[in-house]
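Report on one structure; see the data block that follows.
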Amino acid sequence: MEAECPHAGGPMADSHVDIEDSAYVVSCPWHAYDFNVETGESSVGIKACTFPVDASGESVLLQYPAENEGRIQLSKIEPVSEKAKLKHEQPSTQNPTPPQDPGAAHYLDQSATLCDWTVHILNTANPEHKIELTIYLFSTFTSRENTDSPMPLGRGTITPPANPPRENLTTVTPGTMPKSGRGGTLKSRIAMLHALANIELWAIDLAIDICVRFSTFHTNGNSQELPRAFFHDWLKVASDEAKHFSLLRARLEELGSSFGALPVHHSLWDSAIETAYDLRARISIIALVHEARGLDVNPMTIQKFRNAGDAESVKSLEVIHNDEITHVTTGHRWLTWICSQEGTDPVRVFRSNVQKHFRGPIRGPFNEEARLQAGMDRRYYESHEDGVPA
């Protein structure tokens, strides 16, 4: 979108983003003129210039009128690979019937609802099947979204499992996990990658679970239901997490190990159980505490692998880090949306949920730049003089 509001030249880069009828809308900070980010249309009759962008392979194509030639400048491009490393070929969205292989993942038919799919994925113990199904679900939901047969949501028609099953894993408590070391040895790097792969596997379930568990959520006061954009956003997060797991699993195998070779713990899912009663709490703890904490520690982890000369692992970890900024953005966006509907302050709602559901304060050091990119300024995590934990 053009940088200046067509009404009076207000800075659109500082605009507030909201969701209306499953469309993203930005409001100019000067006079609150609203614009659809895709079409540029406004409810007040004027229109902003929007520029279609197509990212395909190694190319990024930006369409703009010929008269703007010479006025368009490239600020920067940050590439993030969307390629997952799957072990089995996926069926296409046009031909979803896979080969009859008893070892293949089970794909639901075209009549399945979003909630049917999410519960099916949550109940899938095989990690390879889980990541295949998750990536396929996001692709299918997205491809059908602008057709005359979008995927039905199936709100409230099926119940998610209390604990998604796991396959062939040795489970221990967090306190008894072996130390991974500092990444200076191959054994240490394998341990670190294995621990991260376990986090990503649970992160798939967390993003999938939020779609089904809170599918019937309504805001307080105006009883607004969640728009379809909510489900699209969290399916994108789940698909990213599936990609992340595939990259880490592949790297473990390249280093001579495999996922499941070391013990794991399930403490991340414990936070999901703790917050299963309230969407505001779930977003606060999972997206804005755990995911945001990942933004803080990722650069240090990446540097350990870089110091060890492990360039291939660094590539995967950098993809994961850039994706996770957008995941925190997703959490921030939807907590803000809920609070705007309910007339509450998202910072206060967040901090209140941290007090209830997180033990102790959130401690630094903080990656302030990445957190700010995701929408979290210091009000969310700085300590208060009254002792309220961040």
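The values are calculated or read from the model by the stated rules, or taken from the named source; none is laboratory data. None of these values were measured; they are calculated from a predicted model. Quick reminder, even Gly has a Cβ in these numbers, built from the backbone with ideal geometry, and neighbours come from all protein chains shown.
Points worth noting:
- Where ASN222 falls short, out of the listed (1) surrounded by fewer than 23 Cβ atoms within 10 Å (Cβ to Cβ); (2) at pLDDT 95 or above: (2)
- The criterion of at least 2 residues that are within 30 Å of SER316 (Cβ to Cβ) is met by the following strands (runs of 3 or more DSSP E) wholly inside the stretch 1-82: 53-56, 59-62.
- Checking ILE190, ILE204 one by one, the residue that is out of contact with any Phe, Trp or Tyr (no Cβ under 8 Å at 6 or more places or on another chain), among the hydrophobic types (A, V, I, L, M, F, W, C) and within 28 Å of LEU295 (Cα to Cα) is ILE190 and no other.
- A Cβ distance below 6 Å, combined with a sequence gap of six or more or placement on separate chains, defines the contacts here; from the stretch 153-165, residues that are surrounded by 10 or more Cβ atoms within 10 Å (Cβ to Cβ) reach residues that are part of a loop (DSSP other than H, G, I, E, B) in the pairs GLY154/THR113; ARG155/SER215; ARG155/THR216; GLY156/THR216; PRO161/ASN123; PRO165/ALA125.
- Applying a threshold of 7 Å to beta carbon distances and a minimum spacing of six or more residues, or different chains, the list of pairs starting in the stretch 183-199 at a residue that is of a type in the set (Val, Ile, Thr) and ending at one that is buried (at least 20 other Cβ atoms within 10 Å of the Cβ) reads ILE190/LEU252.
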